[in-house]
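J.: Got a structure here, written out as structure tokens. Questions coming.
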Amino acid sequence: MNTSLVVIPTYNEVESIGSLLDSLSTLAVDVLVIDDGSPDGTAQVCIAHGIEVITRSGKMGLGNAYRTGFAIALERGYTNVIEMDADGSHRVEDLKTMMEWIGTSELLIGSRWVADGAIENWSKFREYLSKGANTYANLLLSLDVKDTTSGFRIYNVQLLKRMGISTIKSEGYCFQIEMTRRAIACGGSVGEIPITFIERAQGQSKMSAAIALEAVLRITSWGLLRLIGR
């Protein structure tokens, strides 16, 4: 068993997951896929690569998938847990760089918005939306993190234990903001490593109006609670 576990949530990622798993095989990591019953054969591709797959009966959300993966990592005694997208947006070469920084912070975030971070193949609207969400989260929550919404992360398991991950409620991309907020509230140290984020070339984005609305409502409610000292 390696000391680091990569947790990858999937739903209909058959076009991209195989190449990602091939690239990850060059690193000293174990991989766990949490698949929400993909009808396109995503789980079968993972199994053919010799990867452990937890298959659920339907779409249960990003947050639920990561909570499941974190719990398994804690139970099995891993030292670090890595979050990574299945669609090829997160480069394995960037993960290799991030892993060189393990031990410097309890939470390492692969950041698009720090110096030397970059994005490829995004529209200006998508870029402004992401930057706006991060600005809004930092304004209301005073997180002092450039990329609160990044899903490319390495957690030390001792931090996850302090965070009480079973009580994290967010399901969509707001999950990353809630995890950042909780990590800081628990005294966790946070470091941001520049990455190049590449917009998916295959498959469809999971972003929706409902996911965006969840983020706005939760960030606003947390900001109000912070304002009144709760």
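J.: Among (1) in a helix (DSSP H, G or I); (2) in contact with a helix residue (DSSP H, G or I) (Cβ under 7 Å, 6 or more places away or on another chain); (3) more than 24 Å from residue 192 (Cβ to Cβ), which single condition is residue 70 missing?
T.: Single failed check for residue 70: (3).
J.: Look at residue 20 and say whether it is modelled with pLDDT under 95 and surrounded by 23 or more Cβ atoms within 10 Å (Cβ to Cβ).
T.: Here the answer is no, as residue 20 does not meet what is asked.
J.: Among the candidates 48, 86, single out the residue that is over 19 Å from residue 159 (Cα atoms), of a type in the set (A, V, I, L, M) and without any contact (Cβ under 8 Å) to a residue 60 or more places away in the chain.
T.: Testing whether each residue is over 19 Å from residue 159 (Cα atoms), of a type in the set (A, V, I, L, M) and without any contact (Cβ under 8 Å) to a residue 60 or more places away in the chain leaves just 48.
J.: Checking residue 45 against (1) under 28 Å from residue 164 (Cβ atoms); (2) part of a helix (DSSP H, G or I), which test does it fail?
T.: (1)
J.: What single numbered condition from (1) over 16 Å from the mean Cα position of the chain (by Cα); (2) not polar (S, T, N, Q); (3) not in a loop (DSSP other than H, G, I, E, B) fails to hold for residue 28?
T.: For residue 28, the exception is condition (3).
J.: Taking helices (runs of 4 or more DSSP H) that do not extend beyond the range 85-170, which have at least 3 residues that are at pLDDT below 95, surrounded by fewer than 21 Cβ atoms within 10 Å (Cβ to Cβ) and in contact with a strand residue (DSSP E or B) (Cβ under 8 Å, 6 or more places away or on another chain)?
T.: Ranges flagged: none.
J.: Scanning the range 56-84 for residues that are closer than 13 Å to residue 11 by Cβ and surrounded by 20 or more Cβ atoms within 10 Å (Cβ to Cβ), which turns out modelled with the highest pLDDT?
T.: Only one residue fits best here, namely 65.
The values are calculated or read from the model by the stated rules, or taken from the named source; none is laboratory data. As the structure is a computational prediction, the values presented were derived from the model and not from experiment. Methodologically, a virtual Cβ is constructed for each residue, glycine included, from the backbone with ideal geometry; neighbour enumeration extends over all protein chains shown.
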